[in-house]
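Beneath this line is the structure, given in structure tokens, with notes to follow.
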Amino acid sequence: MLVRGFSALELLVVLGLVAILMVMGTLQFVRLDSAAKNSTAWQIFQADIARARSEAASRGTRIIVRAEGDGYVVGEDVPPYNEDPEEDSVIYTRIFPTGITANFPSVFIFDSRGILVTEAEEPTDITVTFLRGTETLGELTINSFGGVL
């Protein structure tokens, strides 16, 4: 009775194909993980902006959002207001996921009604650009009277 198994060459070909499939799957997983981090950073920033607007209206004071390092600080500026917009107390801080940055003015202000204003108390819109290295992930426009586009 003749029993024949697989040759070494056949086994190497199968192992090579399995290795290629594993590498492809790993690369796809890394891309999905990266996309999830980008999306999460975007969603958290949107939620923080909505919260800052809400805090301003509910507390009846200015809320300052200030860029700091790899993230931002959200704080309360109580009357009498500082000449340069700066928080008197920090409500919370946030750090972006590794590799993600956001370009926005160093400081923006929500007045006591929750309206996004300039230092001169004039309503304004702000555009925030999210980046991973030099790659632009997307832009977000914060409307002065509410909403994020």
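Summary table below
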quantity	calculated
The listed residue being touching a Ser or Thr at 6+ places or on another chain (Cβ under 8 Å) and among the aliphatic types (A, V, I, L, M), out of A56, A41, A50, A19	A56
Sole residue being among the aliphatic types (A, V, I, L, M), farther than 30 Å from S106 by Cβ and modelled with pLDDT of 85 or more, chosen from V23, V13	V13
Complete set of residues in the range 34-47 that are surrounded by fewer than 16 Cβ atoms within 10 Å (Cβ to Cβ) and at pLDDT 80 or above	Q43, I44, Q46, A47
Only one of I95, I100, I115 that is closer than 21 Å to S39 by Cα and surrounded by 19 or more Cβ atoms within 10 Å (Cβ to Cβ)	I100
Meets criteria (at negative phi, over 21 Å from the mean Cα position of the chain (by Cα) and touching a residue at least 40 places away in the same chain (Cβ under 8 Å)) for A57	yes
Identity of the residue in the range 52-81, β-branched (V, I, T) and not in a strand (DSSP E or B), that ends up nearest to S112 (Cα to Cα)	T61
Subset of the range 65-80 (residues that are more than 29 Å from T134 (Cβ to Cβ) and either in contact with a helix residue (DSSP H, G or I) (Cβ under 8 Å, 6 or more places away or on another chain) or surrounded by 18 or more Cβ atoms within 10 Å (Cβ to Cβ) (or both))	G75, E76, D77
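The values are calculated or read from the model by the stated rules, or taken from the named source; none is laboratory data. Because the structure is a prediction, the values reported are computed rather than measured. For neighbour counting, all protein chains shown are included, and Cβ atoms are generated from backbone atoms with ideal geometry for every residue, glycine included.
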